[in-house]
Amino acid sequence: PDVLSWMFANEPPLELLTALFELRRMIEPQIVALAAERRTLKQLNEMGHALEVMARETLHTQEGREADELFHAKLIEACGNPFLTSLSGSVTATIAWSTTYKYRTEGLKRDSLPEHLKVYEAVAARDGAAGRVAMEELIDLALGDTKTSLSPGRQKKTIAKPAEKRSRKA
């Protein structure tokens, strides 16, 4: 998370972004395949609730972005592998920073909810192969969105830290 904070403080180099998404593509599809086999009804319901919040709030809002992070965290939890679960903080931090980065300006036109729904439906159906493919598509499109946000001419704003990383002052 600290490296990601540094990386997204300014315009991140394309090579680092690509490497980050390569890592996600190696790990997350397998997490989804395992989650499809091992998820509980409670975890599935929590993922479904996160998607409802994403649909209502969109990724243009902090609440929508937090729901996106929760969806991915619940997928990781549902995979049932403690070593993969230990990566949860890094994966959700990656999602938080890249999503915040992509929406730092007027926001992207493409809605990622349909790809999230495909992942959810595969997990609900206990179809690991379909889940793997759906997650690969979601990650590939997210990388494309991130690259689009690097395009010249987009007005940049200061990037606020994702909510879970903000310091709380009493």
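Throughout, read-outs are computed from the coordinates displayed, never taken from laboratory work. Note that the structure is a prediction, hence the values are computed from the model and not measured. Glycine gets a Cβ as well: all are built from the backbone with ideal geometry, and neighbour counts include every protein chain shown.
Things worth noting here:
- In terms of packing, defined here as the mean over residues of other Cβ atoms within 10 angstrom, the peptides 69-75, 44-50 line up highest first as 69-75, 44-50.
- If you plug the beta carbon distance of Asp111 and Gln62 into 1/(1 + (r/R0)^6) with R0 = 22 Å, you get a FRET efficiency near 0.80.
- Fully extended contour minus Cα-Cα distance, from Glu22 to Thr148, at 0.36 nm per residue: 43.7 nm
- Local net charge near Glu57, Cβ-Cβ under 13 Å (Lys/Arg +1, Asp/Glu -1): -4
- Using θ = phi - 60° in the Karplus curve 6.51 cos²θ - 1.76 cosθ + 1.60, the 3J(HN,Hα) couplings for the stretch 129-140 round to 5, 5, x, 4, 5, 5, 5, 4, 5, 4, 5, 4 Hz; x is entered for Gly and Pro.
- With the highest mean first, a sort of the peptides 123-132, 80-89 on other beta-carbon atoms found within 10 angstrom per residue produces 123-132, 80-89.
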